[in-house]
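Trainee: Take this structure, written in structure tokens, and hold onto it; I'll ask about it next.
Throughout, read-outs are computed from the coordinates displayed, never taken from laboratory work. Just so you know, these numbers come straight off a predicted model, no measurement behind them. FYI the Cβ positions are ideal-geometry reconstructions off the backbone, even for glycines, and counts take in every protein chain you see.
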Amino acid sequence: DDETGFASIVFSDRGSTLMDSEPPPLLILPTEDTQQNKITQNCDGEPIKLPENLESLPKAEHFPTQRHRWNTNEEIAAILISFERHSDWQSKEVKIRPKSGSMLLYSRKKVRYRRDGYCWKKRKDGKTTREDHMKLKVQGTECIYGCYVHSAILPTFHRRCYWLLQNPDIVLVHYLNVPYPDDNKLAVITPSLALWGDKKEWTKEELVSQLKPMFYSEDEPDLNNELEISTAETVEAIVSQLMEKQRSAR
């Protein structure tokens, strides 16, 4: 090994037609030290060993803060392996009741991202949120952990959280209302009975604050817009239904 950190192999010119004044060909191979410099690191500088299929996957060049469909596994992975951009993309504080379509990136160590202000469906014990857990594959290899919950008020509204098995600190959180396929328009949906499991008395304002972000994609809805009018009527109808159900449950 020479001082540059490279192992050098020198081929002899014996028996060749090289002139004495010409240097012999030189083949340079990387040593173990230089190979280690290629190890992937997360945004905190910690080494990560990715499976080969993720090493070859193109990284996301920007972070879409809104997407009104579910991501493919490859799209999720592309965001989660863009380690050098995570510091710029991360939200430092939990966002309260993000609108449908919102995508956020958090550090699980630093942000209590599950405290998002929404009322999620609970388990039968009424204490803990009912979560569906799964491992997602990219090109046949399990590499993403998924954690799914849905609203206790509107069953079609979901929160899906994803993180790399090799880098569990960074979590991608996606909120989306997915109306049932046979709905021609926004329909009034029977809410979960678990909504009153904690004996909470819901006010109309609280229910509106829960439901509005599930439907509206703009901060200030345009009430001259036909779809916005229909959406406002739908929210109003669901709230009325919930308030009536609450009265009958008391």
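Trainee: Net charge around residue 212, counting only other residues with Cβ within less than 9 Å of its Cβ (Lys, Arg = +1; Asp, Glu = -1)?
Mentor: Computed value for this residue: +2.
Trainee: Step through the residues of the stretch 99-113 one at a time and calculate ³J(HN,Hα) from phi using the Karplus curve (6.51 cos²θ - 1.76 cosθ + 1.60, θ = phi - 60°), rounding each to whole Hz and writing x for Gly and Pro.
Mentor: Values per residue, Gly and Pro as x: 6, 4, x, 5, 10, 9, 10, 10, 8, 5, 6, 9, 10, 7, 5 Hz.
Trainee: Next question, about the same structure. How big is the stretch 38-180 by Rg and Dmax over its Cα atoms, in Å?
Mentor: 15.2, 49
Trainee: What does the charge add up to near residue 59, with Lys and Arg as +1, Asp and Glu as -1, over the other residues with Cβ less than 9 Å from its Cβ?
Mentor: Spelling it out: positives minus negatives among the neighbours equals -1.
Trainee: Still on this model: Only Cα pairs under 8 Å and at least 6 apart count here; give the relative contact order of the stretch 120-173 as a rounded whole percent.
Mentor: It rounds to 26 percent for the stretch 120-173.
Trainee: Excluding residues fewer than 8 places away in the same chain, name every one of the lysines whose C-alpha is closer than 21 Å to that of residue 49.
Mentor: 38, 59, 109, 135, 137
Trainee: Okay, moving on. Pick out, from 77, 119, 66, the residue whose Cα sits farthest towards the positive end of the charge dipole of the stretch 41-177, with +1 on the Cβ of Lys and Arg and -1 on the Cβ of Asp and Glu.
Mentor: Selected residue: 119.
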